[in-house]
C-alpha cells in the first residue's frame, strides 16, 4: 500500500507530496524536513481491482465450487467411484471365506492343545 503525505507548506499552500519526493527518493526530493511541512500520513484509497487479479480471484472461487458440484452428482459417483471400488476390492468368494474360517479354527485348535499341554506339565 502506498502512502501520500498531506500537508500545508509554510507558504500556505496545500497539496499532496509523494513520500519518495519528500524523502529524497528517485523523483528528486523536496527540501526541508517533514516537521516544516506540517504533514500527516494518509492511507491511499485502493483503486479498482486489476483485470488479472479479478480473473485469478474468480478462478480461485469457481474451481472448488465446480469440483464440489461435479463430485456430488449421483450419476458420476455411481459410475466412477463405486465401479472403481469394486475393481480394487472385489467381493469375497464363498470358497475363500470358507477356507479362511477353516484356517482360523485349525489355528485355535493348535493353540488350545499347546495351552492344555502346558497346563498338564505344570500340574
> What is the calculated FRET efficiency for residue 84 to residue 116, with r their C-beta to C-beta distance and R₀ = 35 Å, to the nearest 0.05?
Replying inline: 0.10
> What nm distance separates the two modelled labels at residue 93 and residue 106, each placed 7 Å from Cα along Cα→Cβ?
Replying inline: 1.8 nm
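Rule-based calculations on the coordinates, nothing more; no lab input. Just so it is clear, the structure is predicted and the values come from calculations on it, not from any experiment. Backbone-built Cβ (ideal geometry, glycine too); neighbour counts: all protein chains shown.
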